Every structure is written in structure tokens, then in C-alpha cells.
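Read the figures in this text as sums done on the coordinates, not as results from a lab. Predicted model, so just to flag it, every value in this text is computed and none were measured. Cβ: placed from backbone, ideal geometry, glycine included. Neighbour counts: every protein chain shown.
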Amino acid sequence: MSANDVLDVLNISRDDQKGPAKKRQKTSTPVPRQTGMARELYNLLGPNTPPVNLTNTSNVSSKDKIKFKVSPWTRMPFNPNKGKKTGHEIILNHWVKGSQELLEQEDKDKPYFFEKFDVKLDIPQLVDEETFDAYMEEIRDHQKKVLLDRKQREKEKKVQEARERERRDKEKQKALEQAKSAEKSQEKSEEKKSEEKGSQEKSTGDKSTDKSNSDDKEGEEAGDKEGDEKEAEGEEAEAEGEAEAKAKEAEADKEDEDDEEYLSEPWTYEETKYLFELCNSFELKWPIIYDRYNYGTDRSPEDLREQFYTLCIKILDSQENKNTALIDSLRAYSKYRELDRKQYLENLLKRTPAEIAEEESLVIEARRFEMAAKKMLIERSHLLTLLDSPQSTQQVQQYLSSQGITNLYNHLMILDKNQKKRQLQQQQKSPNGNQEPIPPPIPVAASSSFKKDKSFQTHLQQYLAGVLKQNQNTTPASRQEANAIQQLLMKRLTQKEEEAYGLYFHGSEKLTPGVTLRSNQRLPGLQQKSSVLKSVNQVLQELDIPTAGGTNWKPVMPTRKTMTMYDELLKSVVALLELKKGKDKLESEITLIKSQRGLE
Amino acid sequence: MSSTNNSTNVYGGDEINAVVLDPGSYNTRLGYAGDDFPKVVVSSYYGIHENGNNKKNNKKLFGESIGVPRSNFDIKPIMKDSEIIDWDAATEQYSYYFNSILKIDFKEQPILITEPVWTDNKYRQKFVETFYETFSFPALYLAKAPTCVSFQQGRPNCLVVDLGHDSVSVTPVIDGICLLKNSMKTNYGGRFLDDQIKDLIKSKENLKVEGTYKIKSKTPVIYPNEAKYELRDLPENITESFDEFQKNKIWHEFKESVLEVPDRKLTTLNPKQAQSLKEFYSQDTYKRLFEFPTGQSLELGRERFELAESIFDPQITKFNDESLSKKYPPNSGELSIKSKYDDYRPLKRIRKAESNQSTPQPGNEETSESKSEVRGLSKLITHTLSSIDIDLRASVAHNIIVTGGVSLIPQLTERLYNELSNSNPGLKIRLHAVGNSSERVNQAWIGGSVLASLGTFHQMWVSKEEYEEAGPERILNQRFR
């Protein structure tokens, strides 16, 4: 007997009316294999269709796939230069997905797929020869001006340097004279000492020149040459100033000539054209342009760039819709600056291993200093936290008893432990990663800005503030959680607000640990004898005061206010009953005595 | 529509069945683009019957068949310094392999050919024209070998150090384009080592060396003992060049199996230190045996280090044979790249170039003698590094690719790294050498194979029509850059 028969007997019709017919169909078509469920278990389901469709979809789709035709691939000729104007026709062959007819149709108007990657740089066209000459004239004038400025500056610098040098020489001479005079006046034994002194001074002088040399290297160009010269001069401290000045002048003259050389070898139109061609074909890759530059003139890579850039500025400037940002960026190029920069780099690379090691050790030392400074800050803040006394929230009298003192002790111990934990956490944090140790925040209470007046706060807030301060010392996660509440509590709340937020201070009231419902709360008014409670119940029923019904002594809506009111009510009912009881007792006694005396 | 339409973000390939040819001075490599190894690696030598009048018998033989002893059979080189010296033989060799081995359909398959950086325009022009004339490829491309190597490694900015058979070259590659002015080449390569080995073996008395083809049977003995072997019956008139070729194979094998680069410099001015170094490398643990075809085994210790040391310090070698030392004049590695403007290049330029280049770390002492200086491998690289633009130096020094067969000598890259780091303290040196030995020997070919199967590359092919229209000057300098 199958489930269907049962349904039939019970006269329950299933969704589809043609149940038996379908059944036959089902048997004829192979049942799709079930996956994800044991066969026996599946059979137990009977004709009840499972709520989740268990048929394997991937199975079906793979069957469908087989029905598809194999997609054709065709070997097609193509011309990679098709879309280009200048390109020559080259017929190559590659395999393309799709049938031949379709591809041939498509092929007519489609460019070669990879053609879009052939990007050309947009380089300004070189002007004709006449305008070129005009431009070059302007450029040369400008360059001359720049060069003059430069020379002027260099001269000034040199004069300054010479002055410094003279001053230093004078100092040295003075030192020598002193040494000499000492020589004369003092005895032979002391003579040696003074000589030593003199030499020492001399050596310090040398050192100072060395220092200035290194400064030069870092700061200004041509450091090497002059540095060497100066060193030599430093050694020959007694050398006459006049000869030196002459040498300097000669040197300056020489450099003037060098500068002239910068400007020499003017650019011809042909050469510039050649340069522009190279720039075009090598897409402004300057190292390569310089590498392939073979015009027979002696040009440095910087020369090439300068010529190209200055000309481009002129050309772009003359255009109608000019791109000022581009021109400005081109103007930023300075051949001299570039040369200087390269010189610095060169010097940087020229360092010997010893120098590199020294530099590294200096860096390490500097870092060590930084670390030490930070460590000191941390220690200081630790010291401050130590000094931070726990804020007492209760009155002193509380601690006067022996139990109070143990409480205080425990409290302090917890605070101390928390502090240690915090320190540990910070120590753990600092070694992983290169995070710089952050000095912990100075505790609020220790800082002078902390105001100790709590007069504005309610009793509850004072208590909570104390609790929160403890919470600060616990894990940062809980701290974050507490933050919202904390912020709320730190605000000075009025009584009304407290009520609105449902805040209540239990004070000395004993609370059971854990969460309890107020409806289950044991009201103090209910702690009476059951006989009393019975009569209380009677009274309440008489008064039509709703209780939860039956033996349950609760108001229907147990809010705090209603609960307290209810409690009070209970108490007063009890008191009333007691009073009545007493009154009854007294009354009966009175009647008894009266009858005894025979008054009635 | 391309076949790779859907996934071009990752795959930029487009196979067109191009042919890649990498002629080297020892081996020539041929194959299809897109393969990971050349189909054919063949010796760059050919054999020819010298039959005087009978021209028909003057058939050239290539590949394995040149190793068979025949009477009046000469072996001749096709290449020297990676340049073709025997054009007839070269074209015949290539057409033999194109037609009968690779079975190329000339109409459909373009060809990519690698070339060294030191070829002049005349040679290149001849090369291209010969190819257009002899074979009917639809298009052709000349790629510089270092460019191919940089493509193989996928490093657009690098310094390719190629230790080949005939030449050792150092070429900076920037954005996939070789810097010709900064390239250096010496001939202290594989052949230099072979010749030293030959010289060394000659100096050993009583050491019989015969080509393997001559030996019928042998009994192994250790060197000072007399060799015991029987000779084969051979055809008459075996030519000297054939015998030489066979013997060269022995030197080659010797080089491959015995040489090792010492981990420190062998020449010192301090005699005491030199003595201790000598003793150190004479230890038994460093001794290796090599068995010659005659069955004699030679045990070498210090010598095998000294031989390899000559890659770094060529001056250490003193040939006993005068003709050999003439073959290797002191070579500083400077290349003279010729151009159409060479004729009226003023003298000053050369002086200036010299002084520009003379900024290597060691200081000024070296520059004064730089003209006559002999540059070993590390000096060559250091010099190249110091000559290229300062902005490129760091990136190039960080991508030094070591390739070529000679670089497979044990400990070579380690030693090179140490020397380079010491002489360039300011630069961070990093060497890249492929671990697979056959990949390292064929690196330029593999790079060419990569290049010729890129979809974007197909716009670079130059057809014969374009070549004729634009003229060799433009094509050679602007297209085959």
C-alpha cells in the first residue's frame, strides 16, 4: 500500500489531477540520478516531492552541451598593417575562431586586433627653417642671460669662499704666532708642549676645512675640484694670500672659457631635424636617443634634451590653443640643474664601502637616540601613572573599619594589576612591526586639568565614573564598546534624563547576580505570612486593583515605578490590616473589660 | 577579429608560425616561434669534399654528418664573432634546414633573425639583401640578440652579459632597445678557453691526444703512464681541418667538464699570499680526472682554476704557442659603432667619450691606462655600468642577465656577483642566470621565439617591398633597432 493509496482512501486530492497517468510516464522515463542524498533515504520519501530540488543541474547542462556543434576555427590570412596609412601590406596567417564565410564577411572592415597597441607619441612638428632661425636667436639670447646670471652667482659665491678662507688663514697664523711666542718665552721642556698645541690647532683647522668641503659637496656643485684645492691650501697654512688670489682668478677665467664652450657648437637646422626625427622614432626615450645620436657633433644627453625642450616651448607657444601646463612643465627643465643632479648621484654612487658603512652606522645611531628618547617618555608616563592615586568615591568613614581597609586594599591591588597588564600590552605591541612606541596617555587624574569637583554630578554618576575609570584599564575592545555609554554617562545628566534613559542606582540594595525579570522580583512587601497575604489579596480584590491573577502578586505592567508603588501599596495594605487587627483586638478588650466591670 | 579577443588582458600572443633563426659562432639555432626550444641546433661549421675539378662532388654537408671521417673532407667555419664569414655556405645551410628539416612554407612564414650588436650597416645590409634574394619569406625582422634575451627574461631594462664561444659581450638594454654606444665586447670567451686548454695539453709530454673518430679500442691509464690504444682503419687523406675540428671537440668537452672558477682572485702582489692560494687550490679535494679518447686520464687541480680564472683576468694566461698569443691581443672591449656620419666625426668626440666613460669607481689611476687595458669579465661589466646614464644605472645593475654557454662553468656567477658587489659598492647588484643549462645556451633564440609570437610584434615585420621602397638606411636604423 503506497502513500498514494492512502491518500485515495482518505479522499485527498493532490495538486495535479492526472496522478496515475503521470506515474506511468515517470516509469517510462529514466529517473534522473539523485545526488547529495542516499538512495534508500530518497526512496523513503515516496511520491512526496522534496522541498529542495535535488536534480543535478550540471549533469543536464553537460548533456545539452554535447548537442552543440564544434565551433569552427579557420586559418585566415591577415595584414597587421591594415589600418595604417603608411603600413605596407604583409599577409600572414593565423587561426581565428569562427567559420570562414563569417570571418571573411567581418574581416573587410575590421582592423588588426593588436593595432590599437601601436601608439605614437604626439611630438610637435619642427617648424620651417626661417622660423627656426628666429627661435634659435631668441633661445641663444635667453641662454646667454641665464649663463651670465649663473656666472654672477658663482663669482659671488667664490668671493665669499675666499673671504672665509682668508679669515681661517688668519686664525691659523695667529695660532702659529702664539705658539712661536710661547716658544720664546718658555723653557725648553714646555716648548715641546706648545708645539704640540700648535700642531693640534692646526689639525683642528684642517678638520674644519674638511667639514666645509663636505658641506660643499652636499650643497653646491663643483665641490670636488674646489674641495681638493682647499684641502691643499689648508695644509699649506702659511701660503701667501696673493698667489692664491691669482690662482683663483686664473681658475675663474678658465671656467669662463668652459662656459663659452657650453654655448659653442650652435645647432643647425639639419641637426635639429635629425634630432626631432630620432625623438619621433624612439618616442622620447632619451637614453636611446642619445645612444643612436650620430651626427658628428659633440653633444651630451642634456644638450639634446635642452634643445628639444626649448624648441618645443617656442613651437607650442606659437600655437593657437596652447597647453600652458605642458609648456610650464617643459620650462622646468634646466640643463645645469640636471647636470648638478647627475653629479650628486655620481658622488653618491662613488662612495666607498667604508663610507657607506659609516653612513649606515650613523643612521642606526640616530635611530637609537630616537628610541631612547621615546623610551624615556614612556618611563616618565609610567611614573606618572604610579603617582596617580585611586579616586575614592566613598567617604573616609567607610575605610575606618578593618573590613573597609581590606576592601580598599583589594581595590588598590586590582588597579595595580591593571596597570601592569597595560604596560605588558604596550611592550608586546612595540616589538612586532616597526611601530614606534607611543607614550601612553597621561592618566586623567594625574593631569592638572582634571577637575575634582563632583558637585554637579549625581550620586549615580559619581559611582559610575568610578566604575568606568576601572574599565579604562581593561582590554581596549571592551573599552571601545563602553565608549558610547561612557560618553553618555560622563555628561551631566539631570534626574529627568536619568529617568528617560532608564538609569537607576541601586545603592546598598542587594542584587542577585545575573539577569532577572522584574516580574519575578521579590518585592519586600510580600514577605509576610500567607494568612496575612490572603487577607491582603482580599482587600485588593475588594478595591478592584488588578493583579496578575490567581496567586500571582504582580501588577500587569511591572515597570520600576509601578513596582515600587505596588510594593508601597502592599505595605500599606498590610499596615492597614495590622491596624485593623489591633483595633479589633482593642475594641474586644474594651468590651470585655466593660462587661467585667458591669458597666453595661 | 583575433583568436585571442576575449582574453587579451593576459595573453597578447598571436601565433603566425614564424621562423626564428639565431646564428651563433659555435651553434646555429633554428625553429618555430612559439616553441620553447629550437627545433634544430646545429654546428656553425660545414664539411666539404675537396675534389678539385669535380664541382658536382663539392657538396656541402651540415649537422651531424660533418663528424664522419671521409677522405679529402674539409671542415670550415661559417661564422666568426657571430657574423657570417662564408655567405655561400650559410645560405646553403639555412636553405637545407628550411626545406628539408623544418619544411617551411616560404610564402606564409616570416622569419626573425637575431644579430649581435657589433655588426656594421654594410654587413646588415648584405644580410638582409641575401635573405630577401635567396628565400622568399613574406617578411623579415632583424632583432638584436640582447633584446631577445631581455624578452626571454621579461626585463625591459637590463644588462645582458653574454659569454659566447667567440666573444664575451656586455650590452645594456633599455626599454627593450640595446644601447650600442655602451656595449662592450672582448674575445675572451669559449674559444679563448679552448685554446688555453690546447696549449696546456700540448705542454704535457707523453700525453697522446687523438680525435675520437680514430680510436678503435683503448685501455684506461692514468696520465704519466703510456697510452694504450688501437687505431681504426680510416679512409685515406683525412684533412687537417677535420682532425682539428675533432680535437676542438675534445677541448670543448674538457672545458665543460673540468673547469671551475675559483672563488677569489688568483693573482696577488703579495708572494706569500700567492703561495698559500696556490697550495689551497692544489689540494686533493679540488682534483679532477679527465679521460682523453686515447684512454689516458689527466688529473688536474690548480690548473683547472687557473684556466677559468682567465675569464676574469685574461692577462693571467701566457700561451706557450706564439701564434695563439697573437690571436688574442689585449682587448679593452670598446666597440666602434659605425654610422653614416663616421667619416667626419671630429677627433674631439673620441677624447670626450673616453673622458666621459672614465668615471668608474676605482678612480683616476685606471683611466690613464684604459686604452691598453685588458678587461676581464667583471671589469668589463663595471666599466659598462659606469659609462651608462646615471639614472639608469641602478635599475640596470639590478637586472644583470648572465647568459651563454661559458657562463655554465661552475661558480662563475657567484664569483661575478662578489666582484661586482665589491667594485660597485653604491649599486645593488643582482644577477639573473637561468637555471636550466639548455635554456641558458639557447636564451637568445627563446627570446626571439617569444617576440615573434606576440600579437603586437606583427606590425614590425618588414616586407621586401617596404625594404626596397624605404631603402636600407632607413629600415636598418629605424625599424631593425
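In table form, for the structure just shown:
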quantity: Ranked list, fewest to most other Cβ atoms within 10 Å of each Cβ, for A:88, A:506; calculated: A:506, A:88
quantity: For chain B: relative contact order, % (alpha-carbon pairs under 8 angstrom, 6 or more apart); calculated: 21
quantity: Residue-span extension gain [residue A:89 to residue A:110] - 0.36 nm each, minus C-alpha spacing; calculated: 6.0 nm
quantity: Length-normalised contact order for region B:226-341 - Cα pairs under 8 Å, 6+ apart - percent; calculated: 26
quantity: Burial ordering of A:593, B:48, A:414, fewest other beta-carbon atoms within 10 Å first; calculated: A:593, A:414, B:48
quantity: Contour excess over end-to-end distance, with Cα ends at residue B:470 and residue B:321 and 0.36 nm allotted per residue; calculated: 48.6 nm
quantity: Linear extension gain, residue B:395 paired with residue B:136, 0.36 nm per residue minus alpha-carbon span; calculated: 89.1 nm
quantity: For residue B:447, net neighbour charge (Lys/Arg +1, Asp/Glu -1) across residues whose Cβ lies under 14 Å away; calculated: -2
quantity: C-alpha center-to-center spacing [region B:394-431, region A:271-304] in angstrom; calculated: 31
quantity: Student exercise, region B:43-136 dipole from Lys, Arg, Asp, Glu Cβ charges, in Debye to nearest 20; calculated: 320
quantity: Cβ-derived FRET efficiency at R0 60 Å, residue A:283 paired with residue B:230, nearest 0.05; calculated: 0.35
quantity: Where labels lie 7 Å past Cα in the beta-carbon direction, separation of residue B:96 and residue A:120 in nm; calculated: 4.6
quantity: Dipole magnitude of region B:190-326 about its Cα centre (Cβ charges: Lys, Arg +1; Asp, Glu -1), debye to nearest 20; calculated: 300
quantity: Partner chain coverage, peptide A:88-101 - average Cβ within 10 angstrom; calculated: 6
quantity: Antiparallel bridge percentage (DSSP; both residues within chain B; nearest 5); calculated: 70
quantity: Phi to ³J(HN,Hα) by Karplus 6.51 cos²θ - 1.76 cosθ + 1.60 over region B:198-215, Hz, x for Gly, Pro; calculated: 4, 4, 5, 5, 4, 6, 7, 6, 6, 9, 8, 10, 10, x, 4, 4, 7, 8
quantity: Residues B:476, B:385, A:503, A:579, sorted so that the one with the fewest Cβ neighbours within 10 Å comes first; calculated: A:579, A:503, B:476, B:385
quantity: Subset of A:350/B:428; B:255/B:287; A:84/B:126; B:287/B:379; A:84/A:108; B:39/B:464 violating a 21 Å alpha-carbon distance limit; calculated: A:84/B:126; B:287/B:379; B:39/B:464
quantity: Net charge, residue A:579 excluded, C-beta distance under 14 Å - Lys, Arg +1, Asp, Glu -1; calculated: +2
quantity: Partner chain coverage, peptide A:288-301 - average Cβ within 10 angstrom; calculated: 6
quantity: Cβ-defined net charge surrounding residue B:398, 11 Å radius [Lys, Arg +1; Asp, Glu -1]; calculated: +4
quantity: Sorted peptide list for B:376-384, B:216-224, criterion being average Cβ within 10 angstrom, highest first; calculated: B:376-384, B:216-224
quantity: Highest to lowest packing among B:144-154, B:465-475, B:108-118, scored as the average C-beta count within 10 Å; calculated: B:144-154, B:108-118, B:465-475
